[in-house]
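Participant: My questions all concern the structure below.
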Amino acid sequence: MLKHTQLWLSSIALAALMASAGAQIYTYTVNGPFTIPDSGTLSTYPIVFNVPDSGIIARVSITLGGLSHTWFDDIDALLVGPSGTAVQFLSDAGGSSDPNGNYTFDDVNGTSAISDFSSSGPGIYKSSVYPANTADPFAAPAPGTPYAFSLTAFSNQQMQGNWLLYILDDAGGDSGSMQFAQLEIELVPEPASMVALGAGLAGLLWLRRRRKA
């Protein structure tokens with residue numbers, strides 16, 4: 001009877017851990033439409049994501065939704081977190097192509113950056129800045145340099161507060177639009193989840209050894 005009870009308790013602990021250790025992901029969306037002029041800042045500058053939730057960041061991604069432009073290369077984008085960390089994740093990428101879709105920038109799940117010369121189409125990309133790690137200036141009220149060039153710079157920071165997305169067109173002659181922007185934040189698992197996982201695994205291993213004895 002004791003063995004069955006221990007198995008039941010260990011299974012409960014493991015199940016609790018698997019549920020609690022699942023990624024906590026929060027998504028915040030600001031809808032447009034927004035206009036990208038032929039030279040200058042997005043019609044809403046900055047786009048503000050008000051994040052009331054709290055937690056320690058494991059991963060951040062940002063989506064430029066319904067993005068369209070007659071010269072992709074003109075678009076520059078900067079994300080600033082509540083702590084003041086500023087990441088330029090898009091600059092002079094995509095060449096003369098029209099992005100025409102949803103572009104997610106995620107330096108954990110993205111497999112590659114957008115090409116300097118053309119776009120492979122909508123998808124999930126790593127930060128795409130050309131020349132590599134070279135900051136472009138953003139008009140006030142955006143913060144000045146230095147900027148980071150990977151969204152992993154937000155890791156281990158507190159998520160709560162205002163996140164600011166600055167987008168501009170850095171050359172004349174071409175224009176575009178964007179339908180929405182979406183911020184996604186994945187949290188570091190809480191310590192209690194790790195304790196539950198240890199308890200569940202330890203209990204199951206102990207029972208396995210008892211059966212072999």
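Rule-based calculations on the coordinates, nothing more; no lab input. Note that the structure is a prediction, hence the values are computed from the model and not measured. Because the Cβ atoms are built from the backbone with ideal geometry, glycine has one as well, and the counts that use them run over all protein chains shown.
Participant: Quick one: which residues, 5+ away or cross-chain, put their amide H under 5 Å from the amide H of ILE56? H built at 1.01 Å from N.
Facilitator: For ILE56, whose amide H was placed from the backbone, the distant partners under 5 Å are VAL188.
Participant: Taking the Cβ-Cβ separation of ASN50 and VAL108 as r and a Förster radius of 22 Å, what is the calculated FRET efficiency to the nearest 0.05?
Facilitator: Efficiency, from the Cβ-Cβ distance: 0.40.
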